[in-house]
1. Tell me the residue from 5, 19 that is modelled with pLDDT of 95 or more, of a type in the set (Val, Ile, Thr), within 14 Å of the ligand (Cβ to nearest atom) and farther than 20 Å from residue 278 by Cβ, please.
2. Select from the range 123-142 the residues that are farther than 30 Å from residue 79 by Cα and in a loop (DSSP other than H, G, I, E, B) and write down the one among them that is nearest to the ligand (Cβ to nearest atom).
3. Which ones in the range 239-263 are in contact with a Lys or Arg (Cβ under 7 Å, 6 or more places away or on another chain) and closer than 28 Å to residue 156 by Cβ?
4. For the list (1) within 12 Å of the ligand (Cβ to nearest atom); (2) in contact with a Leu (Cβ under 8 Å, 6 or more places away or on another chain); (3) of a type outside the set (S, T, N, Q), I need the number of the one condition that residue 85 fails.
5. Out of the range 42-59, which residues are among the hydroxyl-bearing types (Ser, Thr, Tyr), loosely packed, with under 15 Cβ neighbours inside 10 Å and modelled with pLDDT of 95 or more?
6. Of all residues in the range 22-60, which are of a type in the set (Asp, Glu) and away from the ligand (no atom under 15 Å from the Cβ)?
7. Would you say residue 309 is within 25 Å of residue 242 (Cβ to Cβ) and of a type in the set (A, V, I, L, M, F, W, C)?
8. Taking residue 291 as the residue in question, decide whether it is farther than 30 Å from residue 199 by Cβ, surrounded by fewer than 17 Cβ atoms within 10 Å (Cβ to Cβ) and not assigned by TED's automatic domain parsing to the domain that holds residue 140.
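The values are calculated or read from the model by the stated rules, or taken from the named source; none is laboratory data. All values derive from a computational prediction rather than experimental measurement. Every residue, glycine among them, receives a Cβ derived from its backbone with ideal geometry; neighbour counts consider all protein chains shown.
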Amino acid sequence: MKKIIQVGTGGFGSTWLEILKDDPQTDVVAIVDVVEENLEKAKKMMGTKEVHYYLNHVEAFEQEEADIAVVITPPQTHKQIAMDALENNLHVFMEKPLAHTKEEADALYELAKNYEQYVVVSQNYRYRPEIQAIKQAVEQQAAGPIEYAEWNFQRASKFGGWRDNYQEIIIEDMSIHHFDLLRYILGKNADTVYAKSMRPSWSWFKGNPTASVLINMEGILVNYFASWVTSGPETSWNGECKLYGKQGVIALINDLPVIIKPNGEEQSIPVPDMKRQDRAFSINEMISAIEGGREPDNVISDNIHSFHIVSASLESIKLKREINLKEEISC
Ligand SMILES: NC(=O)c1ccc[n+]([C@@H]2O[C@H](COP(=O)([O-])OP(=O)(O)OC[C@H]3O[C@@H](n4cnc5c(N)ncnc54)[C@H](O)[C@@H]3O)[C@@H](O)[C@H]2O)c1
């Protein structure tokens with residue numbers, strides 16, 4: 001069992017508390033939020049359990065005996081909170097994205113090299129049964145080697161708050177999930193990225209909620225499209241993907257994994273039975289790794305490659321040209 005300090009108990013943080021308070025592997029000893037009202041809500045949620053509440057994360061890190069800081073705050077706060085946690089000998093388990101800017105992500109990546117504690121980014125989409133099924137089908141070459149791919153994500157999502165201040169909101173907050181899934185499923189890193197974004201006239205976001213990104217992943221051409229303001233049907237949060245090999249298409253449509261043969265015949269891909277899934281799997285993976293003396297999945301040295309697809313997309317939008325990750329983005 002690991003002692004947890006959870007920092008941030010807003011929209012997603014409160015649902016994280018539900019997961020952590022029922023998990024036999026975690027003991028939430030302290031909760032931090034800069035908004036008192038949110039701490040009050042957390043108190044109600046934790047019931048009679050003895051938990052200490054703080055308005056300042058450094059105070060909590062200094063005063064509590066704990067193992068892991070679970071950070072569920074807005075991206076622009078991630079670097080500082082993670083650095084303070086490392087300084088206080090805590091492992092860091094953080095919501096995506098690693099940081100808001102490339103500068104912050106790279107600085108945290110460099111700093112983390114000096115500590116034995118891990119910085120892990122929770123890429124929970126990886127641990128969904130339908131994603132595991134797609135990954136296995138790709139690895140088993142059920143359609144032959146994948147040569148090109150399409151990914152389409154369409155939601156009409158209203159949040160408000162800090163997301164309204166982000167200029168490239170869809171790329172900055174959402175697309176990291178899909179970029180990370182592409183790396184995870186295909187087992188490849190991105191070489192080049194060419195991106196464009198726009199703000200449809202009906203958008204309720206101040207920044208650009210719609211973007212198109214062409215990614216070359218070690219020879220595989222990926223056509224990625226995402227929108228948070230669709231006026232048409234929504235996809236699931238995973239989005240829909242189609243991965244093309246010579247012997248067919250491995251596809252995820254409405255979260256159902258299928259293989260479509262060149263003659264049009266469609267077969268469903270068996271979905272694994274997972275005792276823990278999604279976020280519950282994600283935190284469990286880190287704890288099992290620490291307890292087993294191995295490196296967890298999604299440590300910063302791996303996650304930086306997913307984050308750099310975000311960075312390259314932003315750079316491409318700004319410069320209006322293709323970006324070469326090795327030459328212009330990697331640190
Ligand atoms: N994995 C997923 O599917 C998923 C889904 C939603 C959100 N997220 C991520 O979770 C993170 C939080 O998003 P959210 O939707 O919960 O945002 P939110 O605005 O609803 O909540 C953020 C909370 O952090 C608090 N906070 C801000 N600065 C703080 C600080 N310095 N110290 C302590 N608390 C602080 C705020 O008061 C608020 O309660 C983001 O990184 C977001 O991208 C991930």
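1. 5
2. 140
3. 249, 251
4. Failing condition for residue 85: (2).
5. Let us first name the residues in the range 42-59 that are among the hydroxyl-bearing types (Ser, Thr, Tyr), namely 48, 53-54.
Going one step further and asking which of them are loosely packed, with under 15 Cβ neighbours inside 10 Å, we end up with 48.
Scanning the range 42-59 gives no hits.
6. 22, 23, 27, 50
7. Working: within 25 Å of residue 242 (Cβ to Cβ): yes; of a type in the set (A, V, I, L, M, F, W, C): yes.
When the stated conditions are applied, residue 309 passes them.
8. It is true that residue 291 is farther than 30 Å from residue 199 by Cβ, surrounded by fewer than 17 Cβ atoms within 10 Å (Cβ to Cβ) and not assigned by TED's automatic domain parsing to the domain that holds residue 140.
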